Amino acid sequence: MTLKDNHGRPLLNLRVAITRRCNLRCQYCHMEGEETIPENSMDEMTVDEIVRIVRIAVELGISKVKLTGGEPLMRKDVLEIVKGIAALPGLRDLSMTTNGTMLASLAQELHASGLKRVNVSFPTLDKEVYNKLTGGRLEGVSEGIRAAVNVGFYPVKLNMIVLKGVNDYAVPEIIDFARETGTILQLIELEPINISDEYYSAYHKSMDEYEDMLRQKAVTVETRQYMQNRLIYHLPDAKVEVIHPTENMEFCMNCTRLRLTSDGKLKPCLMRNDNLVNVIKAVRNGADDRELIKLFELANQRRQPYN
Ligand code: SAM
């Protein structure tokens, strides 16, 4: 069984923010499109609550789940969350997007708990630029990436948000780093969410020049049909994926995703907060599974391609 929205788009993925807390302060952070309220001003969902909500999602045909945040590794019980979700029958893929700063010490246990793969935010190879952009130290992140590859996560992806005049020149060297570490590079276009207009116009960089360069070098180009029709460029010895949502109707038309916010709301679109469905309230009021299914169906009906 797979739910489809009013535009015929299947619902296959759930992106779960398990916390709003983060140990970095990335200048560009869109905070997964969540409403901006202070980090410590609300309760996080418990392990049981998260696993129950994800179980309903999986029973409704969602087969791929990604954990995000905030920084998901900030949660002391992250291994319990991973174990609980990984054990759900019907789940095909459980992954995490992380800033990687705590990954070196946790990679082994995360893998043993059932996490299949990780995406690590990796905007630059330059320590100073990294510190300026995020407030953190790059060294721990490179270690985390190598640890993730070594324990067997596959694939490990590097999420490089491309910022004009900051790291845009460094794409070739990060392709080399991806090749050397056996990871896949994802070039991500800056999205104007939870950042100022000034920041966006100063640093937004079009993906066109990279796509032109990659098209010329690629041996083959693959389309990820159920991932917003994103393109993966297979270079002779590296893979580069381009995430290009802005003014890209195809991106939205091929979106198969729903989000669960860190405060327990189903979020049909990264860009909007006027159509959320409060699922945690129902859980805490004692709703049975049928009521939760109805809330998922409602959120699915509210999915709408941007136009
Ligand atoms: N802390 C984790 C991390 O760093 O991956 C998870 C949260 S972070 C918000 C998730 C992803 O969103 C990262 O890959 C990051 O590069 C991406 N991201 C953050 N702000 C963005 C923006 N304004 N536009 C596009 N992608 C963004």
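The values are calculated or read from the model by the stated rules, or taken from the named source; none is laboratory data. Worth saying up front: this structure is predicted, and the values here are computed from it rather than measured. FYI the Cβ positions are ideal-geometry reconstructions off the backbone, even for glycines, and counts take in every protein chain you see. For the accessible areas, the whole protein counts, side chains as well, though only heavy atoms, and no ligand, DNA or RNA atoms are used. Shrake-Rupley method; radii C 1.70, N 1.55, O 1.52, S 1.80 Å.
Within the stretch 74-115, count every residue that is surrounded by 18 or more Cβ atoms within 10 Å (Cβ to Cβ) and either within 16 Å of the ligand (Cβ to nearest atom) or closer than 30 Å to residue 163 by Cβ (or both). Final tally of qualifying residues: 20.
Within the stretch 266-280, residues that are touching a residue at least 60 places away in the same chain (Cβ under 8 Å) and open to solvent by less than 20 Å² (accessible area, probe 1.4 Å) have Cβ atoms under 8 Å from residues that are assigned to a loop (DSSP other than H, G, I, E, B) and of a type in the set (Ser, Thr, Tyr) in these pairs: 267/261, counting only partners at least 6 apart in sequence or on another chain. The single condition among (1) in contact with an Asp or Glu (Cβ under 7 Å, 6 or more places away or on another chain); (2) farther than 24 Å from residue 12 by Cβ that residue 116 does not satisfy is (2). If the condition is being buried (at least 19 other Cβ atoms within 10 Å of the Cβ) and either among the charged types (D, E, K, R) or within 18 Å of residue 275 (Cα to Cα) (or both), then the stretch 14-56 contributes 14, 15, 16, 17, 20, 31, 32, 34, 44, 55. Answer yes or no as to whether residue 142 is over 19 Å from residue 12 (Cα atoms), touching a Gly at 6+ places or on another chain (Cβ under 7 Å) and within 16 Å of the ligand (Cβ to nearest atom). So residue 142 fails the test.
Just wondering, is there one or more residues in the stretch 153-175 that are assigned to a loop (DSSP other than H, G, I, E, B) and within 11 Å of the ligand (Cβ to nearest atom)? Break it down stepwise before answering.
Initial filter on the stretch 153-175 (assigned to a loop (DSSP other than H, G, I, E, B)): 153-155, 164-167.
Now drop any that are not within 11 Å of the ligand (Cβ to nearest atom), which leaves none.
The answer is no, given that none of the residues of the stretch 153-175 is assigned to a loop (DSSP other than H, G, I, E, B) and within 11 Å of the ligand (Cβ to nearest atom).
Taking the listed residues 120, 54, the one that is closer than 27 Å to residue 298 by Cβ and outside any loop (DSSP other than H, G, I, E, B) is 54, with no other qualifying.
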